[in-house]
Amino acid sequence: QVQLVESGGGLVQPGGSLRLSCAASGSRVSDNAMGWYRQAPGKQRELVARISVRGITNYIDSVKGRFTISRDNAKNTVYLQMNSLKLEDTAAYYCNTAPPLDEAWGQGTQVTVSS
């Protein structure tokens, strides 16, 4: 059974950067399309970035040019580099397969962008 552990969140000022990590066990991240999702208070969880098995990446419009999803197969880890952070990026961030597995949701990592 796949287990995913997110880390790297924190408090950052607008314009700052964070790098999120998602360490996987029980499954190879290279064998699945992987995604980073976020959920802000009062809003539905949304997929913000996706990387296919072939390494093709996709992003929602609001993060294009600012976020980069990547994968280290040797470490079995997926990353999300977030630059030029905005107030509206504040949310709990989760990784999962894309589409997601219900049983694979982890605890997530909180990102708070505030001045």
Are any residues in the stretch 71-85 in contact with a strand residue (DSSP E or B) (Cβ under 6 Å, 6 or more places away or on another chain) and among the charged types (D, E, K, R), and if so, which ones?
R71
Meets criteria (surrounded by 16 or more Cβ atoms within 10 Å (Cβ to Cβ), farther than 25 Å from S115 by Cβ and of a type in the set (V, I, T)) for I69
yes
Result of the Cβ filter at 7 Å on the stretch 63-77, keeping first residues that are at positive phi and partners that are crowded, with 16+ Cβ neighbours inside 10 Å and not aliphatic (A, V, I, L, M), at least 6 apart or interchain, is none
Selection count where residues are small (G, A, S) and surrounded by 13 or more Cβ atoms within 10 Å (Cβ to Cβ), scope the stretch 11-22:
2
Condition set farther than 17 Å from N76 by Cα and over 16 Å from the mean Cα position of the chain (by Cα), scope the stretch 42-60, selection surrounded by the most Cβ atoms within 10 Å (Cβ to Cβ): answer is K43
Anything in the stretch 1-41 that is closer than 23 Å to N73 by Cα and over 14 Å from the mean Cα position of the chain (by Cα)? List them, or say none.
Q1, V2, Q3, S25, G26, S27, R28, S30, D31, N32
Search result, residues across the stretch 74-115 that are aromatic (F, W, Y) and open to solvent by less than 60 Å² (accessible area, probe 1.4 Å)
Y79, Y93, Y94
How about the stretch 66-108: which of its residues are within 17 Å of S25 (Cβ to Cβ), of a type in the set (S, T, N, Q) and out of contact with any Lys or Arg (no Cβ under 7 Å at 6 or more places or on another chain)?
N73, T77, N96, T97, Q107
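The values are calculated or read from the model by the stated rules, or taken from the named source; none is laboratory data. Since this is a predicted model, take the numbers as computed values, not measurements. Because the Cβ atoms are built from the backbone with ideal geometry, glycine has one as well, and the counts that use them run over all protein chains shown. Calculation scope for accessible area: heavy atoms of the full protein, side chains included, ligands and nucleic acids excluded. Shrake-Rupley method; radii C 1.70, N 1.55, O 1.52, S 1.80 Å.
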